[in-house]
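The values are calculated or read from the model by the stated rules, or taken from the named source; none is laboratory data. Small disclaimer: the values here were computed from a predicted structure and weren't measured. Please note: Cβ atoms are built from the backbone with ideal geometry, for glycine as well, and neighbour counts cover all protein chains shown. When the accessible area is computed, the model is the full protein with side chains, heavy atoms only, and any ligands, DNA or RNA have been set aside. Shrake-Rupley method; radii C 1.70, N 1.55, O 1.52, S 1.80 Å.
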Amino acid sequence: MAATEPCPGACAVAVLTATPAPVAGRRRYRVDLVAQQAQAASNYQRLLRLLPELHQRTYRELLLRERLVRFVITHPSRYTSFVTIHHDQPRPPWLAPWCMELSLYHDAGLAEVVRCMDQRAVAAVHDYPNRRMHQVDEKWQLNFFLGEWLRFCLQQGRATACELPFLPAG
């Protein structure tokens, strides 16, 4: 499902207006909830394909172009689980390791980025300009990137030859 298509059964477009006042000549950023939920639903489906035993196991590894990707279910539960993704790749010593934390809402079938790299929480809308220079739609961009990255993992990722056994959840 494309990110711009509404979810099946959606009967109205819900749009929220961001709180920052517009700068002269600029329009306010508007959050497109339908597009964000469609992206989150697609991300959830991709994660289920990558982690088919999500509720029974807490760990998964795969090779992505000779680099290790680890999926760790850090807080499994019936309705909401947290998954941390680590991607081991060469990097300069001053750059933080690539890590993303996701929240999976099983009852709604949605997955969203809640933390990325050194960023503690991902706000839906940021004032712009801001101290950390986040984009106004940073959350949308991170969730879109997650979708593209998960699609790449599904296409190019391979199970590791000596994958560690999964640990029972709980």
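Look at SER77 and say whether it is modelled with pLDDT of 85 or more, open to solvent by 50 Å² or more (accessible area, probe 1.4 Å) and either touching a Leu at 6+ places or on another chain (Cβ under 8 Å) or over 20 Å from GLN141 (Cβ atoms) (or both).
Values: modelled with pLDDT of 85 or more: yes; open to solvent by 50 Å² or more (accessible area, probe 1.4 Å): yes; either touching a Leu at 6+ places or on another chain (Cβ under 8 Å) or over 20 Å from GLN141 (Cβ atoms) (or both): yes.
Yes: the conditions hold for SER77.
Kindly indicate whether any position in region 5-24 is more than 30 Å from THR160 (Cβ to Cβ), at pLDDT 85 or above and in contact with a strand residue (DSSP E or B) (Cβ under 9 Å, 6 or more places away or on another chain).
Restricting attention to region 5-24, the residues satisfying the condition of being more than 30 Å from THR160 (Cβ to Cβ) are 5-24.
Going one step further and asking which of them are at pLDDT 85 or above, we end up with none.
No, region 5-24 contains no residue that is more than 30 Å from THR160 (Cβ to Cβ), at pLDDT 85 or above and in contact with a strand residue (DSSP E or B) (Cβ under 9 Å, 6 or more places away or on another chain).
Can you find, within region 128-170, the residue that is modelled with the highest pLDDT among those that are touching a strand residue (DSSP E or B) at 6+ places or on another chain (Cβ under 9 Å) and small (Gly, Ala, Ser)?
GLY157
What's the total number of residues in region 46-74 that are open to solvent by 50 Å² or more (accessible area, probe 1.4 Å) and among the acidic types (Asp, Glu)? Don't jump to the end; show me each part of the working.
Pass one, region 46-74, residues open to solvent by 50 Å² or more (accessible area, probe 1.4 Å): 48-49, 52-53, 55-57, 63, 65-67, 70, 74.
With among the acidic types (Asp, Glu) added as a condition, the list becomes 53, 66.
Of the residues in region 46-74, 2 are open to solvent by 50 Å² or more (accessible area, probe 1.4 Å) and among the acidic types (Asp, Glu).
Taking region 80-110 as the search range and keeping residues that are more than 17 Å from ASN43 (Cα to Cα) and of a type in the set (Phe, Trp, Tyr), which one is modelled with the lowest pLDDT?
To start, the set of residues in region 80-110 that are more than 17 Å from ASN43 (Cα to Cα) comprises 87-98.
Checking which are of a type in the set (Phe, Trp, Tyr) leaves us with 94, 98.
Working: TRP94: 75, TRP98: 83.
Going through the qualifying residues, I end up with TRP94.
Only residues that are assigned to a strand (DSSP E or B), in contact with a Phe, Trp or Tyr (Cβ under 8 Å, 6 or more places away or on another chain) and open to solvent by 20 Å² or more (accessible area, probe 1.4 Å): list them for region 80-111, please.
THR80, HIS86, HIS87, GLU101, TYR105, LEU110
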